[in-house]
Every structure is written in C-alpha cells, then in structure tokens.
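Accompanying notes for the structure given below.
Any read-out appearing in this document is the output of simple, stated calculations on the displayed coordinates, not a laboratory observation. All of these numbers come straight from a predicted model, not from anything done at the bench. As a convention, Cβ positions derive from the backbone with ideal geometry for all residues, glycine included, and neighbour counts pool all protein chains shown.
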Amino acid sequence: MQHLSAAASTRTTIQSVARQRMQRCYSAVMVEDHEIALVQKYAQEKQTRVSLQSLLQKGIATTERPVDNNSSNNDADLDIISDDPTFLRAHNNTRSTRPQPQAQQIANSWLKQPQPRPLLQNNQSRSQAQALQEQEANLIQFASFLHSELPIRLAHRIEDLEHVPLMSQLPSVISVKETYLNSFRELVSHKPIETIEDERAFAAQLERLYQNHSSVLINMARGAFELRQSMKDNGNYDNDNDDAATDYVHDFSLMTDLHAFLDRFHASRIGIRILAGQYLALRNSNSAATAHAGGDQNYDYVGMVNVRTSPYEIVQQAIDDATFMCARRYGDAPEVIVRGRLDLDFPYIPTHLHYILLELLKNSMRATVDWNLHQNAAAFTFPPVSVIIADGRDNEDLTIKVSDEGGGIPRSHIQRIWSYLFTTADPAVQEASLFASEDHSIDSPLAGLGYGLPISRSYARYFGGDLSIMSMEGHGTDAFVHLRRLG
C-alpha cells in the first residue's frame, strides 16, 4: 500500500507540473503579440506533400502527412516521405476537397513540368545557355516553394514547443524555440523570389539558417537531461535504485504525451533538414557542374541522395568511427566481421544510414567490452561484433543486422531503450555529452544522453523502414535495420 501511495503521489505531482508547463511561455524568448498571431496563422496551414519519386527525378524534397508504423491513426502532424501509390491515393482522397495553400499549388504546378536532366548530360543536345536558363528557373521555383513551405513547418514546431508537457520552460528547450522563432521571422520577412538574384539571396539566408539549426538535436537532448535532473531533484525517481538518474518514474504511461511530442518533433526536424539540405545540395552541385564542365562531377548524387549508396562502404566508415570512440574510452575495441551482400548499392541518404549504423555499433562495442570485462576483468580479447547485409531480388527491404555478445538487455528495459529519457550512461558521462557543439559528432562520448536509438529509429522510419531490437539477456543483442529503397 505504501508503494501504491507513493506512485499516486508521483502521478499527481507530474500531472500538476505538466499542467503548469502547458501554460504559454512566448515571453521567455521576447516575441511580440503580432508575431504570436502570425505563428498561429501559419500553424493552421497544412504541410505540403510531394511524392518521393520527385525527390530523385527533380530534386524536389518535401515531407508527407504521417504514416505511423505502430498505429492506424495517420492524422498526427508528423513528417514522412513516401511514394507508395496506395497511401498517396488514400490520403489524397481525404484532402481533395480542401482548399490548397500556396505551397501546395506551387508544388503541384512544379510536378506537371517536364523533368530536367543533369546539366552536363544535356550539353550534347542543347546549348549551355538553354540549360543554364532551365537550371535557374528550377532553382527559382524550388526556392519559392521553400519560402512558402518552411515557415509553415517551423510554425507547427513552435506551437508544439509551446505545449510540450514538462519541458516547455527548460532552458535548452527555450533555446531551441528561440532558434525556430528567429528562423521563422527571417523567412516570413524575406521578399518573394522572382529573379535569380532573389534566389541567390534566399540561398545564402537558408544556408545560414541551416547551420544555425545544426545543434537542435543536442539541445533537445540537453532538455531531456535537464528534465531527468529536475525530476530526480524533486524525488520523482525510484530511489530504491542506485541508478536513479537512468530510471523511470513509477508510472511510465504518464510520459506518453511527452514521448509522442519528441517523436513528432524529431521526425519533423528530419523533414525540414531534408527540404533545406536537398535544395542547397542541388544548388551547390549545379554550380560545380557549371564551373567544371567536363570535370569529375559526381552524378551518383541527386542532392543529398546517393543513387548508388553502398551499405558495405557505410558500414566500414561506421566501424572506423565506432572503433575510434571505443578505443578512446577503453583502450581497445572488438573486431567487427561484415558478411552478406558486400557488392550491393541502392538509393539512400548516406548520412542517415551512417548515423544509424554508428549508433548500433557504438552500443554493441560498449556492451561487448563492459560485459566481458565484468565476466573476466583480465580479459584481453573480446568476441567479435557481426554485421550482415541481406538483400535479394524479391526482398521487401534491404536489411542490416548488427549482433553482439555483450550480455543482452533485460526484458523489462526493452521498451525503455526507445525513450528519449532513458540512458544507461553514468551521470558524469551524461554531463560531458552536454558540451558537444553539434549533432552527430564523433567527439561525443561512447554513451551519453540516450537519444541515439530513438533518433536512429526515426531516421529509419522516415523513408518507410524500421529499426528493431531482439535481445537475449546473459548473451547478447541483435539489431535489425530495415531500409526501403528510395525510388
């Protein structure tokens, strides 16, 4: 009964704090009343969706309405890219009678245009002047689309940050909201893009904003750390556990709304960065092609997408990085054995795949070293980590499995590993992670703020894939990355 009373008290405390956090706090970032109204106006707009095929054929990258792999509710405000015709028809049928915002009209008119080919591939059949004119027209239209669409996406996220339970007034979260508000202000105040000079000015602005957002992920992770510390200080952790900083409150279900927000926020962040990153990458590659006609322009890339991404090469890069991080921490690292389809290539964004694989390999190496040293403190060798790349002509997905003999995960912790609030890292290591200057840095500790697995799953799911974990406590863990071919 005493435990139930404590749980009820904890539940009441968290609900009370959540109600307080739901209060609006725009004043914390010094925003004017008219700007609040403008954010709310943009947040009423629907986010534009364009088929993933257009991303590869024209370099148009926009995010979709959501597909939740674990729910039948597809009306939440998530971002996902999909060219699944069944999903597109089902979704478009529900929206066909709604008024279309300006960004949607731009995207639709864009899709009806003939599909341009890369500049250097057309020099034999057209003059360079004609190709340049088409290139500039496409850039102007892409920039116009982003100028209309990005403020809508930023406004949705600003509103979300206003209403997030428990986290809205944490310093790091307020910093993220200020970053989004500043970007929103700059984009809505930018003049319409009608000429190539307007497009160049917009590109310079967007590149700067893109860099300003490079630390958003680490700042949100800091916010989760601040929340854990706050709840620990308020006695909302299970104090019977010495690892209180890594444990949950009594009633895990109370965190459902917070986890839903974080999933939504990070999925949307991926979409925004693909939108901006695809435009900037296409623009830079076009400039390089124009300046170096006949040179070594890499046509394997369409913006951020490498149409010949080699999983084996990405795995090797991730192995090198994870080995460096593990050796820096322990002085040694397990061997990694790679098997399967080493000759395979497919269209994907290499940076996304590298992030996922690096996270899994870091976890496997750390678990392998910790577990085996725990079993035998004098151990000089460790069992290898295994990576298998599987693919076949009739396979639905390309699948990569990462296996280790690192002792496994307790069954009671399996759901927790997908939480942004759970980490097994020592509190001192967590604090060290707070000083990372940007996302995805190998300068960060081997284990840190607990964001790695849920973010990796968001990357995999964004294009219709998934990430799953199966573990055998006392032996090891298998992680399965399911990837959908883009295009």
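Annotations
- Point-to-point label distance, residue 284-residue 475, nm (Cα→Cβ direction, 7 Å offset): 4.6 nm
- Under 5 Å between amide hydrogens, built in the peptide plane, is the criterion, and for residue 485 it picks out 398 among residues at least 5 positions away or on other chains.
- Spin-label model distance (nm) - residue 132 vs residue 188, 7 Å beyond Cα toward Cβ: 3.8 nm
- Computed from phi, the 3J(HN,Hα) profile of the stretch 217-225 under the Karplus parametrisation 6.51, -1.76, 1.60 (θ = phi - 60°) reads 4, 5, 5, 5, 5, 4, x, 5, 4 Hz, with x in place of Gly and Pro.
- Built amide H within the under 5 Å cut-off of residue 301, gap 5+: 307
- In Hz, Karplus ³J(HN,Hα) per residue of the stretch 356-370 (6.51, -1.76, 1.60; θ = phi - 60°; x = Gly, Pro): 4, 5, 4, 4, 5, 5, 4, 4, 5, 5, 4, 4, 4, 5, 4
- Put simply, the amide H of residue 473, placed in the peptide plane, has neighbours under 5 Å in 409, leaving out anything fewer than 5 places away on its chain.
- Two-site FRET efficiency, residue 320 against residue 36, from Cβ-Cβ distance with R₀ of 45 Å, rounded to 0.05: 0.40
- Take 342-353, 378-389, 137-148 and order them by the average number of nearby Cβ atoms within 10 Å per residue, most first; the result is 137-148, 342-353, 378-389.
- Compared with the direct C-alpha span, the chain from residue 163 to residue 230 gains 22.3 nm at full extension, assuming 0.36 nm per residue.
- Here the label points at residue 380 and residue 178, each 7 Å from Cα along the C-beta direction, are separated by 5.5 nm in the simple model.
- Shape annotation for the stretch 124-223: C-alpha extents along the principal axes are 60, 24, 18 Å, from largest to smallest.
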